[in-house]
1. Can you tell me the dipole magnitude for the chain around its Cα centre, using point charges on the Cβ only (Lys, Arg +1; Asp, Glu -1), in Debye to the nearest 20?
2. Just the projected area, averaged over all directions, of the convex hull on the alpha carbon atoms of the chain: how many nm²?
3. Taking only Cα atoms and a 10 Å spring cutoff, compute GNM fluctuations for the chain and point out the largest among 143, 197, 220.
4. Whole number in Å², please: accessible area per residue of the chain, 1.4 Å probe, ligands, DNA and RNA not counted.
5. About the Cα centre of region 20-153, what is the dipole size in debye to 20, counting +1 per Lys and Arg Cβ and -1 per Asp and Glu Cβ, all else neutral?
6. Find the relative contact order for region 136-284 and round it to a whole percent, using C-alpha pairs within less than 8 Å whose residues are 6+ positions apart.
7. Over the chain, what is the mean sequence separation of C-alpha contacts under 8 Å (at least six apart), divided by residue count, expressed as relative contact order in percent?
8. Quick one: length gained pulling residue 146 to residue 180 fully straight, 0.36 nm per residue minus the C-alpha distance?
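The values are calculated or read from the model by the stated rules, or taken from the named source; none is laboratory data. As the structure is a prediction and not an experimental result, all values here were calculated from the model. Cβ placement follows ideal geometry from the backbone for every residue including glycine, while neighbour counts extend to all protein chains displayed. Surface areas here come from the heavy atoms of the whole protein model, side chains and all, with no ligands, DNA or RNA. Shrake-Rupley method; radii C 1.70, N 1.55, O 1.52, S 1.80 Å.
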Amino acid sequence: MRMRPTLSWTPSEDLPPATSDPGPVADALSTGGVLVLSGAGISTESGIPDYRGEGGSLSRHTPMTYQDFTASAQARRRYWARSHLGWRTFGRARPNTGHLAVAAFGRHGLLSGVITQNVDGLHQAAGSADAVELHGTLARVVCLSCGAFSPRSELARRLEEANPGFEPVAAGINPDGDADLTDDQVAGFRVVPCTVCGGILKPDVVFFGESVPQERVERCRELVRGAASLLVLGSSLTVMSGLRFVRQAARAGKPVLIVNRDQTRGDQYALTRVSLPLGTALGAVAHRLGLPVSRVVDAGPQPA
């Protein structure tokens, strides 16, 4: 299933309004076996914008597609210039209360697993070391020719050396780590090749128009099969890569709970919908369960 940069859907009008009471989420967690599926909304309180919420980046920014990236050297120059600048800010983001609460739930045996649609590494930085990164991670780079992997920090250093004085002012940062720059601002930016074979480098993330690796999809399906319930956190579920797991859980008769400030494409499958900021909701849930969420966290992805 390939991800598309835009996908329209009509919100259900016959559903009861979402609640502001996170109690049902606490009740589900207290019985254990909860599988978390998180999206960009859980990272907004860490300074990373989402795609479709109020002020979301899709209102001003169309993400790079795999087809454009692989077909055009100019598209790759534009992407790496914008991503290189965005990484300086993106890589400094730190886990917020939402990430810390999810990690606390896991440490106390309440979760069966974590799947994240995010590429920011903040779940792992908060302590959810086994989170499945459905769409990959910006902290790693892959060569499209030889398949060699390398750290993003290494690429950032090489790009700094190849582009001394590159200090444009960005209009904003997007959930994929991309900065908003004009064509004039990226003109002349030098892209560096793979150090192993000289091939094209790409962040190890699933671009729009690209398929999620099948073995990763199957791993997530296994997690759904083994879960007692599915808790969706901060995802609009607009793209099928996440929605299919909600549908799978619903078909299997597993309760689906959604915490998201706005309506989602999966609302019709939800037993409970909670409309609250993720940090507020999950902090309140952790408090009800008597679980501390404050702890020293590992560093997230780091800029060079």
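1. Details: 31 positive and 28 negative charges, 98 e Å.
It comes to approximately 480 debye.
2. Values: hull surface 60.6 nm².
In nm², the orientation-averaged hull projection of the chain is 15.1.
3. With Cα springs under 10 Å in the chain, the top fluctuation among 143, 197, 220 is at 197.
4. On the way: 13230 Å² over 304 residues.
The answer is 44 Å² per residue.
5. Working: 12 positive and 9 negative charges, 168 e Å.
Charge dipole, region 20-153, about its Cα centre: 800 debye, nearest 20.
6. Numbers: 188 pairs, mean separation 27.0, N = 149.
This gives 18 percent for region 136-284.
7. Details: 607 pairs, mean separation 95.5, N = 304.
After rounding, I find 31 percent.
8. Values: separation 34, 0.36 × 34 = 12.24 nm, distance 3.03 nm.
Once the chain is fully extended between residue 146 and residue 180, it gains 9.2 nm.
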